[in-house]
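Just below is one structure, and these are the notes that go with it.
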Amino acid sequence: MAVPNPATSGSPIAPLPYVLAVLIPFGAGTILADLSGFPVRLEVFVLGAAALAALVLAAAGSRELFAPGAARFPAWGPFSPGTLRWLNYGFLSAAALLCVVLQLKWRTGNMTIPLGALGILTGYFYFAPPLEWHRRGWGEVLGAIGLGLLPAVWGFYLQCTQLVTELLLYTLPLTFAAFNLLLIHGYPPLDEAETAPRQTLAARRGPVAGALVFTLVNILTITGLVVDLLFPANPLPFRAGFVLLILLAVVNQELIKQKAYRREARIKLLCHLTLAQQLAMGLVFVVSLWLRW
């Protein structure tokens, strides 16, 4: 059930960085489709981007309606529960309608609607009942798929109705980085009572175990970027960007090494840095692919 608070606080533009975090990889997938020899249809690009943005906004709305204050995502508001409910219905309906139009009118492939449904499962139901992935302890895994792998695959698939292995070079580091973004956002406030419900992975396993998981996944992120840098599937014109991404991952790891999870201000800093890493990674992929044109 929705929390009966009269209205949420927050900023109307709070979800914008997370919308960009999925739209940028979506653009990278579209560019890769063109580089792979498939014609890019502008109408499909616009409708696909709109559907993806609607899914992110529906996820933001579900958090404010069903789990206000859960995790460390910025509050989206101010909206009353009734307004949030209608916003959720509107964004979900828009995303579903756009998926149907893309598949039936623009012939974007039989996986268009299933991929859209995956976006709803990993986004809206990250907070919304009955699934509420954020309360399962391992919801970060599904959320990372929706934030990392899905946008680039969506951008590529809508244009050519198939996939290529080069996508893995970009989507795997994005997905690993997205997992750590969600993991850090799931760290509970240090002043929270010990009797508070333990829902996210970091809250369930504790800060030290959470830091260990972050380290392991960050190693996978760095490894993926190094593979992209040393063994690219095609010429890699923007190599400096990949080096900068690796350095940013190292900075995040150094903060974890210094036990940043024991200080509230450092946890907030890590939230900003992991989001910046997600945005920067998408931009580096876009620029690298753009320079191949």
Quick one: which residue in ALA53, ALA60, ALA33 is within 30 Å of GLU166 (Cα to Cα), part of a helix (DSSP H, G or I) and under 17 Å from the mean Cα position of the chain (by Cα)? ALA53
Region 17-36 residues that are among the hydroxyl-bearing types (Ser, Thr, Tyr), paired with ones that are open to solvent by 40 Å² or more (accessible area, probe 1.4 Å) (beta carbon under 7 Å, 6 or more apart): THR30/VAL40; THR30/PHE45; SER36/VAL164
Looking at region 100-109, is at least one residue among the aliphatic types (A, V, I, L, M) and touching a Ser or Thr at 6+ places or on another chain (Cβ under 8 Å)? yes
With criteria (1) more than 19 Å from VAL19 (Cα to Cα); (2) buried (at least 24 other Cβ atoms within 10 Å of the Cβ), GLY146 comes up short on (1)
Quick one: what pairs do we get from region 215-241, first residue free of Cβ contacts under 8 Å to residues at least 40 places away in the same chain, second among the basic types (Lys, Arg), C-beta under 8 Å, 6+ apart or different chains? LEU229/ARG239
I'd like to verify a number: residues in region 223-243 that are open to solvent by less than 40 Å² (accessible area, probe 1.4 Å) and in a helix (DSSP H, G or I), how many? 6
May I ask you to list the residues in region 228-248 that are over 17 Å from LEU291 (Cα atoms) and at pLDDT below 95? LEU230, PHE231
In region 76-120, what residues are surrounded by fewer than 17 Cβ atoms within 10 Å (Cβ to Cβ) and of a type in the set (Phe, Trp, Tyr)? TRP86, TYR89, TRP106
Of the residues in region 63-79, those that are outside any helix (DSSP H, G or I) and either without any contact (Cβ under 8 Å) to a residue 12 or more places away in the chain or within 15 Å of the chain's Cα centre (by Cα) (or both) come to GLY69, ALA71, ARG72, PHE73, PRO74
Subset of region 36-46 [of a type in the set (Phe, Trp, Tyr) and part of a helix (DSSP H, G or I)]: PHE45
Identify the single condition in (1) in contact (Cβ under 8 Å) with a residue 40 or more places away in the chain; (2) open to solvent by 80 Å² or more (accessible area, probe 1.4 Å) that GLN258 does not satisfy, given that it satisfies every other one. (1)
Restrict the check to region 131-146 and report whether at least one residue is of a type outside the set (Ser, Thr, Tyr) and farther than 27 Å from THR221 by Cα. yes
Checking the conditions here, which among ALA67, ALA49, ALA33, ALA54 is over 21 Å from LEU102 (Cα atoms) and either open to solvent by less than 20 Å² (accessible area, probe 1.4 Å) or in contact with a helix residue (DSSP H, G or I) (Cβ under 8 Å, 6 or more places away or on another chain) (or both)? ALA67
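The values are calculated or read from the model by the stated rules, or taken from the named source; none is laboratory data. Owing to the predicted nature of the structure, the values given are computational and were not obtained by experimental measurement. Cβ: placed from backbone, ideal geometry, glycine included. Neighbour counts: every protein chain shown. Side chains included, ligands, DNA and RNA excluded: accessible areas come from the protein's heavy atoms. Shrake-Rupley method; radii C 1.70, N 1.55, O 1.52, S 1.80 Å.
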